[in-house]
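Here's the structure we're looking at; comments come further down.
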Amino acid sequence: MARAETPRIGAEDDWYPYTALRNGRIEGMSADIVRAAFSASETSVELAHYPYSRCMELARSGSLAGCFNTTPDAHIRAEFLLPQEVLFSDDILLWGHAGDAAIDDLDAVRGKRVAVTIGYTYGEYFDSYADIQRIAVRRDINGFRMLQRDRVDYVIAFRGTTDALLRENPDLVGQFKALTRVHRPPLYLTFSRQHPQAAALLRDFDAGMRRIRHDGTYQQILTNWQLSDGQSSVHGSTLQERHNDKTESP
C-alpha cells in the first residue's frame with residue numbers, strides 16, 4: 001500500500017519576522033508556531049514557501065492544504081476553513097512621512113494614494129473605503145520606497161513587519177511614522193476547502209495549538225522572537241473599532 005504524501009502547507013515567503021524565506025529555509029515566529037503545533041499533535045506536514053497571493057490561490061484550489069499568515073474577511077471565511085486557534089495578532093498601521101500629522105479617520109486621507117500589498121486584507125473599514133487610491137505593490141518595502149520618493153502619500157502595513165523592514169534598511173529609519181492604528185486583527189493558518197486532508201489537519205492544528213499554549217511552548221516562541229501577541233505600546237482604539245462603534249450606535 002502506497003504511503004500518503006506528506007501534506008503541504010504554504011508559508012508566506014517575504015513577511016519577516018513572522019514568515020519568510022531566509023538562508024534557504026522558512027523562518028519566522030509564525031513558522032515556528034505552526035511547526036510546534038503540528039509537532040505537538042504528532043502530525044507530519046511540509047512547509048512550502050510562496051508569495052502570499054500565490055499561496056492563498058494554491059490553498060483555495062486544493063494544491064496546498066493551507067496557507068499562513070491570513071487576516072480573514074468575509075470572502076476568506078467563505079472560501080477557506082478557519083481553525084479555532086489564532087496564530088497571533090498585530091497592529092495594522094497607516095504610515096506617512098515623519099512630519100505628517102496624526103490621523104483619526106480615513107476621511108482625512110480621502111483621494112490620497114495608499115500603497116497596499118497585493119492579496120492582503122486590512123480590515124472591513126479600510127478594505128471597503130472607496131475614496132482612496134490603492135496603489136498595489138508586491139512587497140511592503142516597495143510601498144515604503146514609493147513613499148520615500150513621494151510616489152504614494154501613505155503606506156498601510158503591519159507594525160512587526162515594518163519594524164523588521166526598517167532594521168534591515170537603515171537608510172529608511174527616521175523618514176516615516178505611524179499616523180494611526182487602522183486595525184488589530186488576529187492572523188490565522190487558513191485551510192483549504194478543496195484539499196482532502198485539510199479538515200483533519202485543522203483538527204490536529206487546533207489540538208497542537210492548545211497543547212503548546214498550555215505547556216509554555218507558545219509563549220517561549222514569542223519570547224525567542226522578542227515579540228508580543230498583539231499588545232501594542234500605542235493606546236486607544238483603532239479606526240476599525242471606532243468605525244464599528246459608530247455603525248452600531250442607534
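A short reminder: the numbers here are calculations on the coordinates, not readings from a lab. Note that the structure is a prediction, hence the values are computed from the model and not measured. Reconstructed Cβ throughout: ideal geometry from the backbone, glycine too, with neighbour counts over all protein chains shown.
Just a few scattered comments:
- Proximity of backbone amide H atoms, modeled 1.01 Å from N, is registered between residue 10 and 48, 65, 66, 67, 68 at under 5 Å, excluding neighbours fewer than 5 places apart on the same chain.
- Inter-label distance for residue 42 and residue 148, nm, one decimal - labels placed 7 Å from Cα along Cα-to-Cβ: 5.1 nm
- Values of log10 I(q)/I(0), in the order q = 0.07, 0.09, 0.12 Å⁻¹, for the chain under a Debye, Cα-only, solvent-free model: -0.24, -0.40, -0.71
- The alpha carbon convex hull volume per residue for segment 91-184 rounds to 86 Å³.
- Remark: segment 8-25, residue by residue, has Karplus-estimated 3J(HN,Hα) of 9, 10, x, 10, 4, 9, 8, 9, 5, x, 8, 8, 6, 8, 10, 6, x, 9 Hz, where x stands for each Gly or Pro and the curve is 6.51 cos²θ - 1.76 cosθ + 1.60 at θ = phi - 60°.
- Between amide H atoms placed 1.01 Å from N, distances below 5 Å from residue 26 occur with no residue 5 or more places distant or on a separate chain.
- Long-range HN-HN contacts of residue 81 with modeled amide H, under 5 Å: 191, 192, 193
- Extension reserve of the residue 224-residue 89 stretch, reckoned as 0.36 nm per residue once the Cα distance is removed: 46.9 nm
- Leading residue at positive end of dipole, the chain (Cβ point charges), from 63, 164, 220: 63
- Value in Å of the Kirkwood radius, where segment 90-136 supplies the Cα pairs that are averaged: 11.7 Å
- Cleavage-rule hits, trypsin sites (Lys or Arg not before Pro), segment 135-192, DSSP coil, Cβ neighbours within 10 Å at most 10: 149
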